[in-house]
Amino acid sequence: MSVVEMHAPFKPGDYKSDVKPIWCPGCGDYHVLMSFTRAFAELAVPPEDVVVVSGIGCSSRIPAYMNCYGFHGVHGRSLALAAGLKVTRPELTVVVASGDGDGYSIGGNHFLHACRRNIDMTYVVMDNHIYGMTKGQPSPTTEPEFDTALSPGGTGLRPFHPLVIALASGANFIARCFSGEPNQTAAVLVEAIRHPGFSFVEILSPCVTFRPDEREWKNLVHPAPVSATSDPAKAARRLMTDDGFNIGVLYRGDRKPYQPPVGQGCADLTELERDFEL
Amino acid sequence: MIVGTPKVTTLADLFAVAYQIEAEAVERYDLLADQMVTHNNPELVAVFRDLSRAEAIHRDEIRRQAGDIDVIAHAQRMAKWQRGESPEAANLDEAHYLMTPWHALQLALAAEHRALAFFKSVTETTKDSAIKRLAEEFVEEEAEHVNLVHRLMRKYPRPTGDWSDDPDSPVSQE
Amino acid sequence: MQDRESVSIAIVGSGGAGALTAGNFLLEAASLAGWRGLLSRTVGPQIRGGEAAALVRLSTHPVECLPDQFDVLIGIDWLNASRFGAEIAVGARSLVISDPRGGEPPPEVAAAGARVIELPMKEMAKAIPEGRANMIALGAVGRLIGLGPDVFSVLLEKRLAGKGPAAIEASRAAVNAGFEAAAGYDVGLRLLAPKAIDTRRWLLSGNEATALGAIRGGVRFAAAYPITPATEILEWLAPNLTKVGGVLLQAEDELAAINMIIGASFGGTPALTATSGPGLSLMIESLGLATAAEIPLVVIDVMRGGPSTGIPTKSEQADLNIAVYGCHGDAPHLVVAPQSISDCLFATQWATYLAETLQAPVIVLSDQLIGQARAAIERPADVAFIGQRFKASDIVGAYKRYALAANGISAMAIPGTRGGQYTADGLTHTERGMPTSGERDHNAQLDKRRDKLAQFNFGDHWATIEGKGDFAVITWGSLTGTSREALGRATRDGVDATLIAPRLLSPVQPDRFAAALNGKTRALIVEQSHGAQFYRYLRAHYDLPHDVRLLNRAGPLPIRASEIHSAIMAWR
């Protein structure tokens, strides 16, 4: 260990823009933003080498609040957009930010295929069990008995289990965090970003406006009773008893991340054109 | 990235942790003040800016007291707080766009108490007399802050039950 | 000073001040007292605690649009109100009521030279237990316009029943305090006594009217995916559709929503969904499917600022192109556009009727301006448009789902009908519904789908045509009312003009349009579209007079009656 104290190259503040969030005070996403900036600082990745891709919703506003490259795209398609970006620019750090509505509802199909494709990127879903931006409709993770204007008396539907879906679809790293513990979340994000392949991190992030009952979450979350596994079957069994509030890394897989076929790189096109010669 | 209660084994450790605690408290009050600007609560903007300034004074004082020790670099190498994050950082989850100064001071009070408890635990667990002395100084400092917050709270009564009532509904933005 | 026919009030406030609630109460109280009114609003980007303004126009006769200027601008506080500067125009004769502790009014207010009166609303509210500044403001406005505290009292009793007697008392006291405080303001803003109203009136938003129109038209299934500014349609339908024996399903996205309603309609149930521009874009492929397979359905598009994510909380008229032309291939279908809050009910009911009758998709182009505005309207008459689908029954022999018929409408067999089994298809098909790539069937079916729309008699509902003279003002949707007001002013100034506002945008009506334009030598086309979509659509399908001028722009600022009036007067 060096005697001379070296400052880390980047501080969390280096990743924050000066755009003031429109999130309601008390929103869990403020902590998530903190976790992002702390994670990037820990990784010491230059802000210009990071791209945060998002869809539509409160969580998806996050790219504007960071001093990295960002893409605030259309509803539910951020994973597809990020895939195109990452395979053509593999040296960039690509992080996708979404919410339970954007990510699990309209984005559901893309979620399946992103896990399956296993491109090296990190998918962070801020789950608040509601559609916040459009004023409180149920999302796929909303409890079946939760009353809303669009589903009077509750949906009666079994909630979506994102960790189960991610595991079944082939995600290479799966974790759940709680926004109220930003340092722990930051540590998981660091690991997720470092882990090769498709990393999925669900962050429980309470909505103070439409789900004031989620104030309880800080008392419900608890460290996962067992440590992470690299055996998908074990992970699947653990998920059978998951109460939705287990915090920690569930699964660290060893699938090789997606690599597109690499060509020789021919300089001129005559070889291609030979196909047409009579 | 190590996450857990930072271990204090040297004076440099203690200075670094104390500095970090105050620095994060400043950032947190600034963030809360910014939130109150965006959400049109000017009274709370003033309260949080005042609290931020007070913490900044403590932060700068610790840095001065630390002398040659590079508290920033040192803190960067230490473990990051795990549960409940840095003790003196006001709890963001308790913020509300209609919060009153009383609420803000409640947050500040809780933060000061947490910081005090941390330094107290250092005095109780350390075997090093120099560290113990410095930690005791910090305990005294935090106790003074607690008293200060109590004095401020006398100015602001506890609000009535309907403080968070907003006659207007939330606005759908997208 | 003489009492007036109309008065406009803007109530501004932020962070829990309750400006929008005050606006709602003002509209409702005025309506109870017999006046007509229109309420719109404008807001900051926050979900809670943001700056907000309620914009109210009250009158003794129906209110067509927002005013050019506000007579009263009352600021509970002015935090971030500069955002609204351009939108809440005031003039030298306007009255601004300002709380001395609420900050400074926006610079445009000072520049306008309006008279400013200070009213310490926050302080007055503090003097009343549980009192609120917005109720003080409400009382003050009431005094100015001649709306007594007794009307507010009745309203508060009703609206605050859930909050308990203490809250009602506090609000009453605050309204009274505001009423008293405004006693000295001699500013000539009293409204004429309301005319006697002998029909029942309703207070509702365009979105609510749309939803009811759907149910009246026979819709019994809705698929829902939330999007601003259409979500209220779906949220109103959720419990009310159930009440009439219908079903609403929340979809996972708009692709699912459009396909859900296709499925329901295929099964025989009139079906609808509601969305905005981005959602309509997603639905386009399946709208083509419904067109090709001749499935009735209704899609409401409450237009907002575009393109892409655009300005979700503001209005534009720039989805005309995608509504009319969005499908790939040649896929004629219907596009209907309501012209007011009240017309949202009729247009949607009519759309449902047309969809069922013509077995085709109908896109209803509403917009944020009428969708989210509220008005007191005459209770709409029960009209005879209820969806009547031509269903196949007592089928003998080989059933031809897409049989060529004189009117282009073939009997549709609903699953469960013996002998009527067929497979609906987006593939080009024969009369029996079998896929084909043949030239004869393809053209026959294209002709069928085009001609069933072209030969249909849409009646006078196809457009609003009013006025006289050789000058035509051509517009559509929410600008119809604004144009009507402008034409009224022009007539008073000695210039006659005809208002032509199509309610049916697709299929085009060349003969009727030609008749409407007969004798017109000049046309002013008014639309809220940066690319002048309506003008180009008219040019594509109709012969316009030789002299045409455009008054078009994008949102977010709605085109005002004064602008249209000026354009008319400048061109006489």
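A few points about this structure:
- Some residue of segment B:38-59 being away from every other protein chain (no Cβ under 14 Å), in contact with a Leu (Cβ under 9 Å, 6 or more places away or on another chain), in contact (Cβ under 8 Å) with a residue 40 or more places away in the chain and crowded, with 20+ Cβ neighbours inside 10 Å: yes
- Scanning segment C:429-488 for residues that are touching a strand residue (DSSP E or B) at 6+ places or on another chain (Cβ under 8 Å), small (Gly, Ala, Ser) and closer than 22 Å to C:Arg539 by Cα gives C:Ala463, C:Gly469, C:Ala472, C:Gly477, C:Ser478, C:Ser483.
- Hey, B:Val122 among the aliphatic types (A, V, I, L, M), modelled with pLDDT of 90 or more and within 21 Å of B:Leu32 (Cα to Cα) or not: no
- Condition met for C:Glu104 (within 14 Å of chain B (Cβ to nearest Cβ) and either closer than 24 Å to B:Glu43 by Cβ or not hydrophobic (A, V, I, L, M, F, W, C) (or both)): yes
- The helices (runs of 4 or more DSSP H) falling completely within segment A:199-278 that include 2 or more residues that are in contact (Cβ under 8 Å) with a residue 40 or more places away in the chain map to A:232-240.
- Residue within segment A:88-109 that is basic (Lys, Arg) and either under 28 Å from A:Val164 (Cβ atoms) or at pLDDT 95 or above (or both) present: no
- Only listed residue being surrounded by fewer than 18 Cβ atoms within 10 Å (Cβ to Cβ), closer than 30 Å to B:Ala79 by Cβ and within 13 Å of another protein chain (Cβ to nearest Cβ), chosen from A:Ala39, A:Ala44: A:Ala44
- As for segment B:131-148, it holds no residue that is within 14 Å of chain C (Cβ to nearest Cβ) and either closer than 13 Å to B:Val17 by Cβ or crowded, with 22+ Cβ neighbours inside 10 Å (or both).
- Given (1) surrounded by 15 or more Cβ atoms within 10 Å (Cβ to Cβ); (2) touching a residue at least 60 places away in the same chain (Cβ under 8 Å); (3) in a loop (DSSP other than H, G, I, E, B), number of the condition C:Pro415 does not satisfy: (1)
- Residues located in segment A:214-225, provided they are surrounded by 14 or more Cβ atoms within 10 Å (Cβ to Cβ) and more than 12 Å from chain B (Cβ to nearest Cβ): A:Ala224
- Among the numbered conditions (1) part of a loop (DSSP other than H, G, I, E, B); (2) over 22 Å from the mean Cα position of the chain (by Cα), the only one that C:Pro556 does not meet is (2).
- From the list C:Arg172, C:Arg200, the lone residue that is buried (at least 16 other Cβ atoms within 10 Å of the Cβ), under 35 Å from the mean Cα position of the chain (by Cα) and touching a residue at least 12 places away in the same chain (Cβ under 8 Å) is C:Arg172.
- Among the conditions (1) within 30 Å of B:Asn40 (Cβ to Cβ); (2) in contact with a strand residue (DSSP E or B) (Cβ under 7 Å, 6 or more places away or on another chain); (3) of a type outside the set (A, V, I, L, M, F, W, C); (4) touching a residue at least 24 places away in the same chain (Cβ under 8 Å), the only one that A:His75 does not satisfy is (2).
- Under the condition of being surrounded by 10 or more Cβ atoms within 10 Å (Cβ to Cβ) and in contact with a helix residue (DSSP H, G or I) (Cβ under 7 Å, 6 or more places away or on another chain), the residues counted in segment A:254-278 number 1.
- Residue match in segment A:175-189 (condition: in contact with a Ser or Thr (Cβ under 7 Å, 6 or more places away or on another chain), more than 30 Å from B:Ser172 (Cα to Cα) and of a type outside the set (Gly, Ala, Ser)): yes
- For C:Lys243, the criteria (1) surrounded by fewer than 24 Cβ atoms within 10 Å (Cβ to Cβ); (2) more than 12 Å from every other protein chain (Cβ to nearest Cβ) hold in every case but one, which is (2).
- Residues being surrounded by fewer than 14 Cβ atoms within 10 Å (Cβ to Cβ) and in contact (Cβ under 8 Å) with a residue 24 or more places away in the chain - total across segment B:60-83: 0
- For segment A:67-178, the strands (runs of 3 or more DSSP E) that sit wholly inside it and include 1 or more residues that are among the β-branched types (Val, Ile, Thr) and away from chain C (no Cβ under 12 Å) are A:93-99, A:121-127, A:173-178.
- A residue that is more than 33 Å from the chain's Cα centre (by Cα), small (Gly, Ala, Ser) and surrounded by fewer than 13 Cβ atoms within 10 Å (Cβ to Cβ) cannot be found anywhere in segment C:382-389.
The values are calculated or read from the model by the stated rules, or taken from the named source; none is laboratory data. All figures in this text were calculated on a predicted structure; none of them were measured in a lab. Heads up, the Cβs are rebuilt from the backbone with ideal geometry, glycines too, and the neighbour counts pull from every protein chain shown.
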